[in-house]
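Below: the structure, in structure tokens.
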Amino acid sequence: MAVGIIAEYNPFHKGHKYHIDSTIRATGDDIVAIISGNFVQRGEPALLKKHTRTKMALLNGVSMVLELPVEYATGSADVFAFGAVNILNDCYIIDKLSFGSEKGETAIFENIAQILNDEPSLFKSYLKENLSLGMSYPLARNSALESYTGKKLDFMNKPNNILALEYIRQLQKLNSHIKPFTVERIVSDYNSNNLTGEISSASAIRKAILNNDNSALNSMPNNCREFLSEVNSPLIDDFSQILAYILRTQSLDNISEYADITEGLENRIANTNFNTITELIESIKTKRYTYSKLQKAILHILINIKKIDQTKKPKYIRVLGFRKDKKHILSEMVSKAKIPVVIGVKENENLLKKEILSTDIYNIPLGIAKGEEYKNGIVVI
């Protein structure tokens with residue numbers, strides 16, 4: 001059996017390497033990573049394309065890389081976890097899920113996950129009251145949990161801990177055979193924008209790379225540095241005119257169907273004049289509608305992800321790459337998986353149509369012709 005890791009590797013850095021090495025030392029098992037495609041959970045284009053990030057992972061201890069379909073990869077924490085955990089569960093070669101967290105233990109997450117899954121009436125009343133006060137959902141939920149448990153849960157505001165909680169919630173809902181395993185994060189905060197030496201956050205590394213700051217290289221494994229020459233990613237504002245066109249050609253009812261468009265948000269988005277997406281978000285954000293939520297919602301309009309898309313279970317397992325010496329893992333998965341294992345694009349284009357479209361949209365500002373998904377084969381190292 002193998003250990004699953006859910007990641008983005010945007011880009012791959014020494015913190016990721018530490019997580020992989022720590023997991024292998026503790027379990028002795030092979031690592032199967034499932035990663036986002038060309039758009040990521042922050043609601044923006046990936047710094048490096050998925051096949052490049054697949055190479056980085058395979059060169060640094062991962063045995064096989066799968067793709068998290070774009071409708072889940074760009075979703076909120078619960079949607080992200082829903083897609084990834086269901087795919088790992090359906091592989092039937094994974095018996096552990098390893099994740100980084102600010103708390104190096106799983107018990108506290110399992111207890112909180114049970115509360116959120118059971119939704120006791122007292123907790124629900126606390127949550128309803130907090131939302132009525134105008135709190136964002138994450139803040140309202142955390143405050144309700146503190147009121148219900150009588151404990152301070154400040155650590156639950158950390159992005160990695162939020163994801164860890166959602167992974168465990170999904171494992172519980174599925175009554176999965178997969179057991180959670182956590183590695184305590186070291187040194188850097190997940191969303192820190194400042195480089196902190198060898199272990200820095202992906203946010204800080206991305207910022208440094210985009211500013212041509214070579215000190216970012218210190219935070220990346222030597223065998224990943226050469227891939228930075230492939231950085232040619234669009235920025236979210238590069239899609240501003242595409243968004244304006246979509247908003248002007250669709251009805252409010254149609255816009256309301258996109259993922260993360262809730263509570264009349266379609267009116268705010270469609271009726272606000274803007275030159276850039278950043279300008280639009282800054283104009284309409286509130287305590288309830290955070291920058292992060294708005295950026296996800298706008299991305300879903302751009303790449304045609306509807307609410308209903310995020311409620312359906314994944315229908316396939318796509319392999320992005322594997323190590324030659326670990327091919328037996330792929331063979332075992334093909335024989336055991338509960339849903340189809342997808343490798344080629346042409347013969348599976350009906351299943352992969354959202355990936356094909358999202359990659360084509362990613363490439364528009366770069367001037368790259370449509371159809372790139374058909375040209376990129378599986379990565380074998």
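The values are calculated or read from the model by the stated rules, or taken from the named source; none is laboratory data. None of these values were measured; they are calculated from a predicted model. For neighbour counting, all protein chains shown are included, and Cβ atoms are generated from backbone atoms with ideal geometry for every residue, glycine included.
Structure summary
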{"read-out": "From ASP260, ASP189, ASP237, residue being outside any helix (DSSP H, G or I), under 25 Å from ASN38 (Cα atoms) and at pLDDT 95 or above", "value": "ASP260"}
{"read-out": "Residue within the stretch 167-174 that is closer than 25 Å to THR27 by Cα, assigned to a loop (DSSP other than H, G, I, E, B) and of a type in the set (Val, Ile, Thr) present", "value": "no"}
{"read-out": "Qualifying positions in the stretch 94-115 - among the aliphatic types (A, V, I, L, M) and out of contact with any Gly (no Cβ under 7 Å at 6 or more places or on another chain)", "value": "ALA107, ILE108, ILE112, ALA113, ILE115"}
{"read-out": "Residue within the stretch 77-93 that is among the aromatic types (Phe, Trp, Tyr), modelled with pLDDT of 95 or more, surrounded by fewer than 19 Cβ atoms within 10 Å (Cβ to Cβ) and in the same structural domain as SER203 (by TED's automatic domain parsing) present", "value": "yes"}
{"read-out": "Complete set of residues in the stretch 47-61 that are touching a strand residue (DSSP E or B) at 6+ places or on another chain (Cβ under 8 Å) and either β-branched (Val, Ile, Thr) or modelled with pLDDT under 95 (or both)", "value": "THR54"}
{"read-out": "Residues being more than 17 Å from SER36 (Cα to Cα) and surrounded by 17 or more Cβ atoms within 10 Å (Cβ to Cβ) - total across the stretch 354-364", "value": "0"}
{"read-out": "Selected residue (only one of LEU217, LEU252, LEU228 is surrounded by 14 or more Cβ atoms within 10 Å (Cβ to Cβ) and not assigned by TED's automatic domain parsing to the domain that holds ALA73)", "value": "LEU252"}
{"read-out": "Residue selected from the stretch 3-54 under the condition assigned to a helix (DSSP H, G or I) and without any contact (Cβ under 8 Å) to a residue 60 or more places away in the chain, by the criterion surrounded by the fewest Cβ atoms within 10 Å (Cβ to Cβ)", "value": "ARG25"}
{"read-out": "Test: residue in the stretch 311-320 that is more than 21 Å from VAL79 (Cβ to Cβ) and modelled with pLDDT of 95 or more", "value": "yes"}
